[in-house]
1. Can you work out which of the residues in segment 1-60 that are within 9 Å of ligand 2 (Cβ to nearest atom) and on the phi > 0 side of the Ramachandran plot is modelled with the lowest pLDDT?
2. With the condition being in contact (Cβ under 8 Å) with a residue 12 or more places away in the chain and within 16 Å of ligand 1 (Cβ to nearest atom), I'd like the helices (runs of 4 or more DSSP H) fully within segment 63-165 carrying at least 2 qualifying residues.
3. So, in segment 19-48, how many residues would count as being part of a loop (DSSP other than H, G, I, E, B), of a type in the set (A, V, I, L, M) and under 13 Å from the mean Cα position of the chain (by Cα)?
4. Limited to segment 173-206, what total is found for residues that are within 16 Å of ligand 1 (Cβ to nearest atom), free of Cβ contacts under 8 Å to residues at least 60 places away in the same chain and assigned to a helix (DSSP H, G or I)?
5. Can you pull out every residue in segment 220-275 that is charged (D, E, K, R) and in a helix (DSSP H, G or I)?
6. Look through Val59, Val51 and report the one residue that is farther than 30 Å from Glu223 by Cβ, part of a loop (DSSP other than H, G, I, E, B) and of a type in the set (A, V, I, L, M, F, W, C).
7. On the given criteria, is Ala10 outside any strand (DSSP E or B), of a type in the set (A, V, I, L, M), within 16 Å of ligand 1 (Cβ to nearest atom) and surrounded by fewer than 21 Cβ atoms within 10 Å (Cβ to Cβ)?
8. Can you pull out the residues in segment 93-113 that are closer than 17 Å to Asp60 by Cα and of a type in the set (Gly, Ala, Ser)?
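The values are calculated or read from the model by the stated rules, or taken from the named source; none is laboratory data. Just so it is clear, the structure is predicted and the values come from calculations on it, not from any experiment. Counting neighbours? That spans all protein chains shown, and the Cβs are built from the backbone with ideal geometry, glycine included.
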Amino acid sequence: MLAYSTYSEAGGVGKTTTAANLAVAHARAGLRPLVVPLDPQDGDLSRLFGVDTDRTESVDNLVRHMIRRPSGDFDDLVRTVEGVDIIPEHNMLSDLAEYLQREKDQAEAMGEAFGMHAQLLRVLREAGVPDKYDVLICDPPATEGPHLYNAIHATRSLIIPVEPSAKGRAAVEGLESLVAGLEDQLDVEVGVLAAVPIGFKNTRDQRTILDEIDYPIPEVIGERASLMEGCWMQQCSAFEYVREHRDRQREYEIETLAQFDRIARHIEQQGGIEAPNPPEPGDLEHEVLSV
Ligand SMILES: Nc1ncnc2c1ncn2[C@@H]1O[C@H](COP(=O)(O)OP(=O)(O)O)[C@@H](O)[C@H]1O
Ligand SMILES: [Mg+2]
């Protein structure tokens with residue numbers, strides 16, 4: 001199973017947009033993706049895909065499973081949208097640190113070990129996710145903490161959306177030491193599959209910034225505020241938005257879809273998997289064969 005988290009040091013760079021559209025790009029190529037968003041804030045991936053319905057405490061959710069108090073089957077947590085399986089975010093994610101700490105204290109009082117950052121991995125393994133899915137994508141919040149650490153522990157690889165600005169440049173400069181810090185802290189090796197510049201306007205400064213990035217850059221995504229805003233409005237991927245909600249197809253938007261397709265192929269190759277039915281990049285007529 002190919003597994004990665006979208007990561008950037010800052011919020012609002014395009015982590016969620018990237019995770020959502022890459023998931024759809026994997027799915028339309030015939031792979032089975034599972035998306036695990038972990039952002040406790042509103043405006044998260046569950047919202048984007050319209051699966052953020054029931055967040056009340058009584059509802060079974062991922063956090064319950066992570067603290068070994070599930071109130072249902074893992075498979076019942078999963079919702080399917082646009083060929084993508086998603087475990088919707090839940091309000092309990094806001095207090096994930098406290099829940100994990102309490103469970104750890106209790107476990108230790110009983111003489112047991114409880115790895116606070118290894119619980120997502122445990123839950124996914126116990127549910128047979130590595131056998132059932134081809135791709136696992138986590139979308140944690142940017143801030144350091146148990147959401148990010150659990151995501152990285154479970155995926156070990158990163159896709160890094162980059163804002164091609166002076167601010168984004170600072171973030172990229174700090175990245176290598178940050179990845180090294182995460183590796184030390186979690187005692188795992190973390191690989192970077194790709195950096196994805198988002199909102200590129202092709203200024204000279206931006207070109208300089210991209211030149212300085214040492215990670216593979218399979219594609220550079222342009223300024224697509226209107227397309228992405230439309231996705232949040234209609235609660236769908238950019239693929240679905242252009243296909244279903246645009247009255248006419250704009251060539252530059254089709255090209256952006258093609259870019260997500262190509263990034264997905266790049267990542268699959270890096271992860272050693274091959275999509276059984278890859279579309280012509282950006283082809284909206286592509287027939288998705290059921291898997
Ligand atoms: N290529 C793009 N051009 C312009 N705006 C974009 C682009 N991709 C995403 N956005 C917008 O940027 C904002 C932040 O994106 P989001 O994916 O939610 O970031 P994050 O998850 O890192 O906080 C959203 O309003 C989204 O619509
Ligand atoms: Mg986000």
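1. Gly43
2. Counting at least 2 such residues, we get 146-155.
3. Looking only at that region, the number is 1.
4. 1
5. Those that are charged (D, E, K, R) and in a helix (DSSP H, G or I): Glu229, Glu240, Arg243, Glu244, Glu251, Glu253, Glu255, Asp261, Arg262, Arg265, Glu268.
6. Only one candidate passes the filter, namely Val59.
7. Criteria met by Ala10.
8. Result: Ser94, single match.
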